[in-house]
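Contents: one structure, followed by commentary.
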Amino acid sequence: MFRKFIPALVLLGMASSLTGCAPVAISAAGVGASAMFSHHSNGQNARTFTAPLPRVHAAVLVALKKMSIKPGATEKTEQGERITAKAGSRSIEIELEVVTPNTTRMRTVARNEGGLTVDSATAAEITKQTESAVGRG
């Protein structure tokens with residue numbers, strides 16, 4: 001549990017050893033620790049595409065198929081749509097939000113069984129594969 005905070009503690013230790021630049025170093029350490037905590041705590045991966053929602057939706061399905069992840073339900077949301085999927089013991093949620101008619105934001109979260117922990121690597125790979133599929137489309 002505490003292993004994920006070790007890099008932040010090392011960074012804080014290094015920052016405190018700098019003389020004369022302590023306020024800047026401590027501020028930088030705080031920003032780094034905050035970013036790391038946010039990444040590990042919410043496990044979300046987001047990307048904005050210069051493509052309309054239907055094109056990104058199709059690319060998501062191509063990415064899931066390539067990764068052998070079975071898509072579940074797709075539901076309309078106020079801003080766009082939500083796609084669910086299942087991969088082993090992970091439940092995956094992909095939200096597509098219309099920013100403009102030609103711009104779509106994608107947010108991916110992969111949660112392990114029970115929903116208490118997240119798998120940010122799987123979420124990132126789904127986003128990466130979607131990006132690749134949008135580029136081919």
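The values are calculated or read from the model by the stated rules, or taken from the named source; none is laboratory data. Computed from a predicted model, the values in this text were never measured in an experiment. In this analysis, Cβ positions are derived from the backbone assuming ideal geometry, glycine residues included, and neighbour counts consider all displayed protein chains. Each accessible area value is taken on the protein alone, full model and side chains, heavy atoms only, with ligands, DNA and RNA left out. Shrake-Rupley method; radii C 1.70, N 1.55, O 1.52, S 1.80 Å.
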Can you work out which of the residues in segment 113-137 that are part of a helix (DSSP H, G or I) and hydroxyl-bearing (Ser, Thr, Tyr) is farthest from Pro54 (Cα to Cα)?
-> Ser120
From the residues in segment 77-96 that are surrounded by fewer than 16 Cβ atoms within 10 Å (Cβ to Cβ) and of a type outside the set (D, E, K, R), which one is nearest to the chain's Cα centre (by Cα)?
-> Thr84
Going by the conditions given, is Thr74 among the hydroxyl-bearing types (Ser, Thr, Tyr) and open to solvent by 50 Å² or more (accessible area, probe 1.4 Å)?
-> yes
Count of residues meeting criterion [part of a helix (DSSP H, G or I), within 19 Å of the chain's Cα centre (by Cα) and without any contact (Cβ under 8 Å) to a residue 60 or more places away in the chain] in segment 45-64 = 3
Inside segment 60-69, can you point out the residues that are charged (D, E, K, R) and either in contact with a helix residue (DSSP H, G or I) (Cβ under 7 Å, 6 or more places away or on another chain) or modelled with pLDDT under 95 (or both)?
-> Lys66
Which one of these does Met1 not meet: (1) within 21 Å of Gly114 (Cβ to Cβ); (2) at pLDDT 55 or above?
-> (2)
Working only within segment 102-112, note down all residues that are free of Cβ contacts under 8 Å to residues at least 60 places away in the same chain, open to solvent by 70 Å² or more (accessible area, probe 1.4 Å) and in a strand (DSSP E or B).
-> Arg105
Taking the stated definitions as given, is Leu96 of a type in the set (A, V, I, L, M, F, W, C) and part of a loop (DSSP other than H, G, I, E, B)?
-> no
Taking into account only those residues within segment 113-137 that are in contact with a strand residue (DSSP E or B) (Cβ under 6 Å, 6 or more places away or on another chain) and of a type outside the set (Val, Ile, Thr), which is surrounded by the fewest Cβ atoms within 10 Å (Cβ to Cβ)?
-> Ala124
Output the number of the condition that Val99 fails; it satisfies all remaining conditions of (1) in contact with a Pro (Cβ under 9 Å, 6 or more places away or on another chain); (2) β-branched (Val, Ile, Thr); (3) open to solvent by 40 Å² or more (accessible area, probe 1.4 Å).
-> (1)
